[in-house]
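Scroll down for the structure; my scribbles are underneath it.
The values are calculated or read from the model by the stated rules, or taken from the named source; none is laboratory data. This structure is a prediction, so every number in the text was calculated from the model and none was measured. Quick reminder, even Gly has a Cβ in these numbers, built from the backbone with ideal geometry, and neighbours come from all protein chains shown.
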Amino acid sequence: MIPDGIEDDDKWLAEGIAAIQLQAFYLHRALDANNLREALKYSAQMLSELRTSKLSPHKYYELYMRAFDELKSLEMFFKDESRHGVSIVDLYELVQHAGNILPRLYLLCTVGSVYINSKEVPAKDVLKDLVEMCRGVQHPIRGLFLRSYLSQVSRDKLPDIGSHYEGGDDTVMDAVDFVLQNFTEMNKLWVRMEHQGPHQIKEKLEKERNELRDLVGKNLHVLSQVEGVDLEMYKDTVLPRVLEQVVDCKDDLAQYYLMECIIQVFPDDYHLQTLETLLNACPQLQPTVDTKTVLSQLMGRLSNYAASNVDVLPEFLQVEAFTKLSSAIGRVIEAQADMPIVGAITLYVSLLTFTLRVHPDRLDYVDQVLGACVKKLSGKPKLQDNRATKQVVALLSAPLEKYNDTVTALTLSNYPRVMDYLDNGTNKVMAMVIIESIMKNNSCISTADKVEVLFELIKGLIKDLDGTSVDELDKEDFEDEQNAVARLIHMLYNDDPEEMLKMICTVRKHIMSGGPRRLRFTIPPFVFSALRLVRQLQGQGGDVVGEEVPTTPKKIFQLLNQTIEALSYVPSPELALRLYLQCAEAANDSDLEPIAYEFFTQAFVLYEEEIADSKAQVTAIHLIIGTLQRMHVFGVENRDTLTHKATGYSAKLLKKPDQCRAVYACSHLFWVDDQDGIKDGERVLLCLKRALRIANAAQQMASVARGSSGPVTLFVEILNKSVQLSLHLIEVTLIRYLYFFEKGNPNIVNAAIQGLVELITNELQSDSTTPTSDPFFSSTLRYIQFQKQKGGAMGEKFASIKV
Amino acid sequence: MPSRRRTLLKVIILGDSGVGKTSLMNQYVNKKFSNQYKATIGADFLTKEVQFEDRLFTLQIWDTAGQERFQSLGVAFYRGADCCVLVYDVNSMKSFDNLNNWREEFLIQASPSDPENFPFVVIGNKIDVDGGNSRVVSEKKARAWCASKGNIPYFETSAKEGINVEEAFQCIAKNALKSGEEEEIYLPDTIDVASNSQSRSSGCEC
């Protein structure tokens, strides 16, 4: 009969407990009176309450515990013959008169434990008798609890080694036999539940069975605690017999649970030494058994065991644990054709974790696991299942974490093949994990082959993969990714120029396929990486003659020129211009005039054709002037052409102040303060005069505008500002005059300086809007004073300037 | 009707998986130790006779599964406990942090009559590991927790070396004995001396 609901369950339990309490009351009265007959009667009546079929296992367990506690007093009473005057042998017969079988067997077990305690008969005989007699109860729940009682009361009476009950005819084998037999019977009872009752309550039965499982599993715990079950006995008797029962019962719930128990209750070294037996059982389990979790748990335990103590590692080698596990996994995956892909990959992750812990030196094993994974994935579309993807990421991350040296992962031939099965998004995530790992470990990638493999691995970041639409990309994520690639490029290095050049060419090949959005991130680090090589060659005294292609700066510059050109089409002309100038400077340092000239030409072309924004022009022109000023490789002709161009651009800037600044900056192109530097005083002066003219023009324009403007204050303020600005331009130009004057430019005469000083002083005094104390001009004057007072040649030079 | 003289003391050992509950029990009862980890399934007890104040008691020591998956039937065996031993591993912070959960869970499930004064004993086990170098829970910290929970007696043991195990269990026995948990005194509503109370069972005849 099945109770209708929880409430009924509670009601039945309460009634059962009340009845047990009542009978226990009489039982204790009988015990206090040392009345054996009454004690037996009331205990049997109490135990009759356990005959109920109305309770769920949980509730039944509560009821059982009540009876169990009472039986403890009865056992103590039985033990003390003086209280009841009946020998234990007779008592063993006497209790068998109880009317119902369930109370009878509980009483028999209770007396039986006392019987063993008395040592009047060999323990094994009593145990054998009890375990056989219990067959009389075939109702699963009642039978399981009865046998669990038998197991508990006999727990400390097993004739295992060192116990009181060992010796004579009793051996540890008897103890093992007893427990195994009880286990087998209990498992049968448990499995039989599955086939009872109508189909509708299957779910409920399943739940109840699950609750009961520990009663069965506990036998395995007892076995593991039996003293004297050494490896040999475990291998020859215990494990084969347990597994036989597990396989033969053909019940998936029992099989899964019992495999889990075996793995958890027996020690690691036993598992290692019986690995083959244990693994051979796996393919024999029902197809519905979650074998992968079983195997994962086993590998997890063994991995922890290996990690806990290095001394045990030889054991793993000796039993060829990897080979056995690997082939077992293969067999299980093969046997369970409909195992979801995530299941198979989870298994490979466990195996890989095991391998990395136990055989960190065996990269071939790692590759083998990845290879098996590829085999499983092959012929299938890219992974869609989120959980499977996660497992693949775990699989690929494990070697990176283990080796602290990403280069190791690059040697695994199956690594990229596994990555290919990831969807584009996850592929990129994985690529980022790889780059981060390289950064974290500061791993240097030092051969072209490795660069090739690496860029193949991270290709998701390097170029658009099929099916990724640009709109899907998050701008911030994209920039993070590309910056990561940029950082990575700096990690590629080899001392050997020839190899380094090969690496650079490989990088170039990959990044050039990245499309416009990526180039502006990837080309700059590439350029600097190549320029580093150029500098290295310079340090080694120029060209290095290699076997096939000589590695020359020329060749590298050629490569750079083509690369940067791509950037100008992106379009990122400003960035390209900067890079051209960097290259020009490097070519200058390598004494390669034509190449430096070519880079400048490219920069100028970009300036003329692509850079239209006036602010960008200002920035660009100053970069050009700065770089050009540092060039010493040019002969007169080339130099003239370039400086002429630069000066021309300067004078054509849109805003007067910008023009002025650029033009006076150009003055430095004609006066390089090196020993061999150009010193063309005349052209310096021309530049400065021109700058002054522009400043004056600006000043006049501002004044005119101010004079004509009405009372609009805002406008006046703007104009005042521009007047001040143009005056400031003159002040700054004065600084240039002073500079060249000091450097001994014969064309800069003190009269010109004197004139400027006076001009500025007058302006400051006449213009009411300008603060009379101009700090900039004041410090210039202080500087002139200082030079005058210095004495010596410099003092003389400045003597005639009056301030 | 007076309460009977107590001769059986029930002790429950709780704590995370792998802290050494089974080892402590085995060391105390059988003087044996094994380094191998073997999970416990369900609840299992061993008994030991102890002498206390000239009286003999049976200590019923319940070892429990630390792994929840091996506790499928619930904890009905908590009922009637006289003392609860909370075990943690001094080398594992997590096992110490979980003591509170174990204690609360026990008080809820066992529902002793006087939870405030129910006797607990805390054991920090595995003090032998790595010469104490891998220890992460300090004695001070553990004692502070014990003090905050109503001055729970505290012991540091090594089940492996047998250090302090005997002392801890003596304290456990003493506290179990002093525990206020009296056996329920049951009085039936009516006592029918002639009654042959018939079975109410509606199950089959087995």
task: From (1) closer than 24 Å to A:MET173 by Cβ; (2) assigned to a helix (DSSP H, G or I), pick out the condition that doesn't hold for A:VAL121.
output: (2)
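Listed residues A:PHE78, A:PHE68; which is under 24 Å from B:PHE45 (Cα atoms), assigned to a helix (DSSP H, G or I) and facing another protein chain (nearest Cβ under 10 Å)?
On the way: A:PHE78 fails: facing another protein chain (nearest Cβ under 10 Å).
On inspection, the qualifying residue turns out to be A:PHE68.
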message: Against the definition (away from chain B (no Cβ under 14 Å) and closer than 29 Å to B:PHE77 by Cβ), how does A:ASP214 come out, yes or no?
response: no
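Return yes or no: is A:LEU105 crowded, with 24+ Cβ neighbours inside 10 Å, assigned to a helix (DSSP H, G or I) and at pLDDT 90 or above?
On the way: crowded, with 24+ Cβ neighbours inside 10 Å: yes; assigned to a helix (DSSP H, G or I): yes; at pLDDT 90 or above: yes.
The answer is yes for A:LEU105.
Looking for something within 14 Å of chain B (Cβ to nearest Cβ), in a helix (DSSP H, G or I), at negative phi and of a type outside the set (Gly, Ala, Ser) - is there at least one such residue anywhere in the range A:89-101? Walk me through it before giving the result.
Of the residues in the range A:89-101, the ones within 14 Å of chain B (Cβ to nearest Cβ) are A:98-101.
So of that shortlist, the ones also in a helix (DSSP H, G or I) come out as A:101.
Checking which are at negative phi leaves us with A:101.
Imposing the further condition that a residue be of a type outside the set (Gly, Ala, Ser) reduces the set to A:101.
Looking for residues that are within 14 Å of chain B (Cβ to nearest Cβ), in a helix (DSSP H, G or I), at negative phi and of a type outside the set (Gly, Ala, Ser), one finds at least one in the range A:89-101, hence yes.
Does any residue of the range A:223-240 turn out to be among the aromatic types (Phe, Trp, Tyr) and farther than 25 Å from B:GLN36 by Cα? First the steps, then the outcome.
Quick first cut of the range A:223-240, residues among the aromatic types (Phe, Trp, Tyr) only: A:234.
Next, only the ones that are farther than 25 Å from B:GLN36 by Cα stay: none.
Looking for residues that are among the aromatic types (Phe, Trp, Tyr) and farther than 25 Å from B:GLN36 by Cα, one finds none in the range A:223-240, hence no.
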query: Do you know which of the residues in the range A:31-65 that are without any contact (Cβ under 8 Å) to a residue 12 or more places away in the chain and among the aliphatic types (A, V, I, L, M) is nearest to the other protein chains (Cβ to nearest Cβ)?
result: A:MET65
query: A:LYS250 versus (1) facing chain B (nearest Cβ under 10 Å); (2) on the phi > 0 side of the Ramachandran plot: which is the lone unmet condition?
result: (1)
field: Given (1) part of a helix (DSSP H, G or I); (2) free of Cβ contacts under 8 Å to residues at least 24 places away in the same chain, index of the condition A:ALA612 fails
entry: (1)
- prompt: Based on what the data block shows, is B:LYS94 among the charged types (D, E, K, R) and within 30 Å of A:ALA30 (Cβ to Cβ)?
  reply: no
task: For the range B:100-120, name all the residues that are closer than 15 Å to B:GLY15 by Cα and in contact with an Asp or Glu (Cβ under 9 Å, 6 or more places away or on another chain).
output: B:TRP102
- prompt: Across the range A:545-573, what is the number of residues that are within 16 Å of A:MET503 (Cα to Cα), at pLDDT below 85 and of a type in the set (A, V, I, L, M, F, W, C)?
  reply: 1
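Condition check ((1) under 24 Å from A:VAL358 (Cβ atoms); (2) surrounded by fewer than 23 Cβ atoms within 10 Å (Cβ to Cβ); (3) at the interface with chain B (Cβ under 9 Å from one of its Cβ atoms)) across all residues:
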{"position": "A:ILE201", "(1), (2), (3)": "no, yes, no"}
{"position": "A:GLU206", "(1), (2), (3)": "no, yes, no"}
{"position": "A:LYS218", "(1), (2), (3)": "no, no, yes"}
{"position": "A:LEU231", "(1), (2), (3)": "yes, yes, no"}
{"position": "A:ALA254", "(1), (2), (3)": "no, no, no"}
{"position": "A:GLN264", "(1), (2), (3)": "yes, no, yes"}
{"position": "A:LEU272", "(1), (2), (3)": "yes, yes, no"}
message: If B:ASP63 satisfies all but one of (1) away from every other protein chain (no Cβ under 12 Å); (2) in contact (Cβ under 8 Å) with a residue 40 or more places away in the chain; (3) acidic (Asp, Glu), what's the number of the condition it fails?
response: (1)
- prompt: So, in the range A:341-372, of the ones that are part of a helix (DSSP H, G or I) and without any contact (Cβ under 8 Å) to a residue 40 or more places away in the chain, which residue ends up nearest to A:GLN391 (Cα to Cα)?
  reply: A:THR355
message: For the range A:658-673, give me each residue that is aliphatic (A, V, I, L, M) and either in contact (Cβ under 8 Å) with a residue 60 or more places away in the chain or more than 16 Å from A:GLU731 (Cβ to Cβ) (or both).
response: A:ALA662, A:LEU669, A:VAL672
- request: Might you check whether a residue that is outside any helix (DSSP H, G or I), modelled with pLDDT under 80 and surrounded by 13 or more Cβ atoms within 10 Å (Cβ to Cβ) occurs anywhere in the range A:791-799?
  value: no
- request: Specify which of the listed residues (A:MET193, A:MET173) is over 25 Å from A:LEU47 (Cβ atoms) and either of a type in the set (Gly, Ala, Ser) or touching a residue at least 12 places away in the same chain (Cβ under 8 Å) (or both).
  value: A:MET173
